[in-house]
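Data first, discussion second: the structure below is written as structure tokens.
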Amino acid sequence: MNYLKELVTRGFLVDEEAKDIINNLNEDDFNRLVESLKKDNPLMVSKDYVKNMFLKEVRILKEFKKKKKMSIKDYVGILNSKYDILQSILIEKLELKNVVSINKCISGPASVIGMVRTIKDKGINFEVVVEDPTGEIKTGVSKNLGSRISLDDVIAISGNMNNKIFFADKIIFPDVPLRPVNYSSDSVKVGFISEKESEVDYVVSSNQVIDNLKDKIYKIEEPALVELGGIKILVLGDNDPLEILKKRYVKINDTSFVIDIVPDIVFSEKDVNKNYKGITIVSPNNVIDLKTREVNEIL
């Protein structure tokens, strides 16, 4: 059925900008549109009218919640939860072989997963102590392999155990998986914090999401993961987006925000604009169309 022709036949005037959206509707959605038009009887079927019917509400999937006071129990619980989530991600990686708990790493080749407790510069290499629920292990890591390791990282280490020291030959971070780019079914324009005027459907900043279609404001606390038009956007603030995606967590004082849900778009105040494993990374003063994932600077 030609939905556009059907609307005209029924006596509705259709704005030129709404035509593509209408023709891409399925039969059920088109019937919903017709019933809504009968009820509202607008002078013109505009793009905004159709979008308001079918675009989902802004969803805040996850955001950082600052606690006024942290007990030792709270702190330990956060670390354990972070370790469990990132360990499960690392276990799924195909590169790992002979994975054992630290207390079973006695001699020979093995892989362990642990949280980095200490890092010491030993001149030609790093001495890295990692721990899991069963114990801890001292690891010798070359400067080349260990340059990106930080305290509290959860990593997998492959290597050989010799004379009570584990010598690493590979370091693996949780990292996001390579996957196809996710597109919105509708042309939805999202502007990322700018003092300049720009006609967009949503405006995302470090502390709020403005829904111009429904005239709503959603307060958020960064880091946060929000969903617009079926696309997940990670709001990072002043954090290195590539480092965060590779390590899958944001360190915030004595707590962590774990990236357990893989985003489609990352918004960072760092001047980084690129694609990484199917994820679009954008910086301030840019607009992205969720249907094409095309990024344009706000002029």
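The values are calculated or read from the model by the stated rules, or taken from the named source; none is laboratory data. Only a predicted model underlies this, so the values are computations on that prediction, with no experimental measurement involved. Reconstructed Cβ throughout: ideal geometry from the backbone, glycine too, with neighbour counts over all protein chains shown.
Scan (1) out of contact with any helix residue (DSSP H, G or I) (no Cβ under 8 Å at 6 or more places or on another chain); (2) crowded, with 19+ Cβ neighbours inside 10 Å for the single condition V128 breaks and write down its number.
(1)
Per-residue answers, yes or no, for (1) in a loop (DSSP other than H, G, I, E, B); (2) in contact with a Gly (Cβ under 7 Å, 6 or more places away or on another chain); (3) at pLDDT below 90; (4) not aromatic (F, W, Y):
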{"site": "P174", "(1), (2), (3), (4)": "yes, no, no, yes"}
{"site": "L178", "(1), (2), (3), (4)": "yes, yes, no, yes"}
{"site": "S187", "(1), (2), (3), (4)": "yes, no, yes, yes"}
{"site": "V190", "(1), (2), (3), (4)": "no, no, no, yes"}
{"site": "E195", "(1), (2), (3), (4)": "yes, no, yes, yes"}
{"site": "S198", "(1), (2), (3), (4)": "yes, yes, yes, yes"}
{"site": "V209", "(1), (2), (3), (4)": "no, no, no, yes"}
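Going by the conditions given, is V76 in contact with a helix residue (DSSP H, G or I) (Cβ under 6 Å, 6 or more places away or on another chain) and not small (G, A, S)?
no
From the list K120, K47, K104, exactly one residue is within 30 Å of V8 (Cα to Cα), charged (D, E, K, R) and not assigned by TED's automatic domain parsing to the domain that holds L225. Which is it? Before you say what the answer is, go through the steps one by one.
Details: K120 fails: within 30 Å of V8 (Cα to Cα); K104 fails: within 30 Å of V8 (Cα to Cα).
Testing whether each residue is within 30 Å of V8 (Cα to Cα), charged (D, E, K, R) and not assigned by TED's automatic domain parsing to the domain that holds L225 leaves just K47.
Given the criterion surrounded by 13 or more Cβ atoms within 10 Å (Cβ to Cβ) and either within 30 Å of D254 (Cα to Cα) or in the same structural domain as S256 (by TED's automatic domain parsing) (or both), identify the matching residue among L25, L61, L37.
Exactly one of L25, L61, L37 is surrounded by 13 or more Cβ atoms within 10 Å (Cβ to Cβ) and either within 30 Å of D254 (Cα to Cα) or in the same structural domain as S256 (by TED's automatic domain parsing) (or both), namely L61.
Just checking, does the stretch 143-157 include any residue being more than 30 Å from S283 (Cα to Cα), within 22 Å of the chain's Cα centre (by Cα) and either surrounded by 13 or more Cβ atoms within 10 Å (Cβ to Cβ) or assigned by TED's automatic domain parsing to the domain that holds P284 (or both)?
Just the residues of the stretch 143-157 that are more than 30 Å from S283 (Cα to Cα), to begin with: 143, 156-157.
Now narrow it down to the ones that are within 22 Å of the chain's Cα centre (by Cα): 156.
Remaining after also requiring either surrounded by 13 or more Cβ atoms within 10 Å (Cβ to Cβ) or assigned by TED's automatic domain parsing to the domain that holds P284 (or both): 156.
There is at least one residue in the stretch 143-157 that is more than 30 Å from S283 (Cα to Cα), within 22 Å of the chain's Cα centre (by Cα) and either surrounded by 13 or more Cβ atoms within 10 Å (Cβ to Cβ) or assigned by TED's automatic domain parsing to the domain that holds P284 (or both).
Tell me which residues, restricted to the stretch 208-224, are surrounded by 21 or more Cβ atoms within 10 Å (Cβ to Cβ) and under 22 Å from K291 (Cβ atoms).
Result: V209, single match.
Could you tell me which residue of the stretch 246-299 is surrounded by the fewest Cβ atoms within 10 Å (Cβ to Cβ), considering only residues that are acidic (D, E) and under 18 Å from N182 (Cβ atoms)? Give the derivation first.
Within the stretch 246-299, the subset acidic (D, E) is 254, 260, 264, 269, 271, 289, 294, 297.
Among the residues that remain, those that are also under 18 Å from N182 (Cβ atoms) are: 260, 264, 289, 294.
Numbers: D260: 16, D264: 21, D289: 18, E294: 11.
Across the stretch 246-299, the extreme among qualifying residues is E294.
Among the listed residues S142, S101, S107, identify the single one that is polar (S, T, N, Q), at pLDDT below 90 and farther than 23 Å from F257 by Cα. Give the derivation first.
Numbers: S142 fails: at pLDDT below 90; S101 fails: at pLDDT below 90.
So the residue among S142, S101, S107 that is polar (S, T, N, Q), at pLDDT below 90 and farther than 23 Å from F257 by Cα is S107.
Regarding the stretch 158-165, can at least one residue be identified that is in contact with a helix residue (DSSP H, G or I) (Cβ under 9 Å, 6 or more places away or on another chain) and not in a loop (DSSP other than H, G, I, E, B)? Even if it seems obvious, please write down each step before you answer.
Taking the stretch 158-165 first, the residues in contact with a helix residue (DSSP H, G or I) (Cβ under 9 Å, 6 or more places away or on another chain) are none.
Scanning the stretch 158-165 turns up no residue that is in contact with a helix residue (DSSP H, G or I) (Cβ under 9 Å, 6 or more places away or on another chain) and not in a loop (DSSP other than H, G, I, E, B).
Pick from S81, S46, S101: which is surrounded by 11 or more Cβ atoms within 10 Å (Cβ to Cβ), within 30 Å of L213 (Cβ to Cβ) and hydroxyl-bearing (S, T, Y)?
Working: S81 fails: within 30 Å of L213 (Cβ to Cβ); S101 fails: within 30 Å of L213 (Cβ to Cβ).
From the options S81, S46, S101, the qualifying one is S46.
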